[in-house]
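Worksheet: the structure to be examined is printed underneath.
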Amino acid sequence: MNGMIRDTIVEMKERKLFWLFIIVTGLAVLAIVGLKGWVEQMRMQEAPPEVQQAFGTMANQILVGWTSGFLSILVFFSVLGTAGLIPSMLSRGRAEFYMSKPISRSRLLLGKLFSVWSVYGGLVAVAGVLVMGLIAALYGIFQARVFFIVLEALIALFVWLSITGFVGTVSGSFALAVTTTFALWLAQYGLHLREYLVRLVDNKFVEIALDICYYILPKHSENGDLFVALAVGRPVPDWLPLWSSLLFAVAMYGLSVWAFRRKDY
């Protein structure tokens, strides 16, 4: 496992993805620093305590939602940037090298996917903690539950890697893995609005098809809302987006292992 993690780190350096994390995080830091003056102007120091408290609550929700969006961007780049790792590992020549190791195919594939999740998830978590620490230092807004949004980013990375892992294993194509993942990323946003689409189309078959897709596919946008609610102390109305997304990911990892074990290299 340590060897796979080292390989993933080397691949990340070769693909210059580390610099992408630095650039995006740097832009986020600049935005946080730049907004401080505007927020201070809006605080209305002379306002009554209840108004100050209301403003603090609103500012906290905005900053938590903004940080969640920032982490979603890092997850998005991580998923697209690593979509070619499994096809690359299974390419002619490299596949024989990896499978010459005295471990099962299941452990090989899951170990590689876990190493990708660990390395890139670690970077996402560090970036999230850095940004939230800066917000706490500059704005005086911090509660331990804001770390729920870091957990959501790690879960999102776990779910989306299951898709790139499955498509990469079955097809061996980097382009197809990227295209499929990007299409599902867009589709889940559309399915979030399925009730409006059903009213617009007014077709029973379309309604059933959209419902099936909604319950099967991962729900990244809704999970984001769910964990933002946890981070700001609001009640969660429905846990379906979380557990259905995790079930989808587990099924994808299982199918990936099944396909990998059946492939002839």
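Just so it is clear, none of the values below were taken in a lab; they were calculated from the coordinates. On a predicted model such as this, the values are computed, not experimentally measured, just so you know. Here Cβ is always computed from backbone atoms with ideal geometry, including for glycine, and neighbour counts include all displayed protein chains.
Can you give the translational diffusion coefficient of the stretch 108-265 in µm²/s, computed by Stokes-Einstein from the Kirkwood radius over Cα pairs at 25 °C and 0.890 mPa s? Answer, rounded: 140 µm²/s. Contact order, relative form, for the stretch 166-265: 33 percent (alpha carbon pairs under 8 Å, 6 or more residues apart, mean separation divided by residue count). With K and R counted +1 and D and E -1, the other residues having a Cβ less than 15 Å from that of E14 yield a net charge of +3. Once Rg and the Kirkwood radius are both taken over the C-alpha atoms of the stretch 174-240, their ratio Rg/Rh works out to 1.06.
Hey, which of these cross-link pairs are over 25 Å Cα-Cα: K112/K263; K13/K263; K219/K263?
Table pairs above 25 Å Cα-Cα are K13/K263; K219/K263.
Here the Karplus curve 6.51 cos²θ - 1.76 cosθ + 1.60, taken at θ = phi - 60°, turns the phi angles of the stretch 234-243 into couplings of 8, x, 9, x, 7, 8, 3, x, 6, 6 Hz, with x standing for Gly and Pro. Per-peptide packing, taken as the mean over residues of other Cβ atoms within 10 Å, places 65-76, 160-171 in the sequence 160-171, 65-76 from highest down. When peptides 148-156, 179-187 are ranked by their average number of other Cβ atoms within 10 Å per residue, the highest-first order is 148-156, 179-187.
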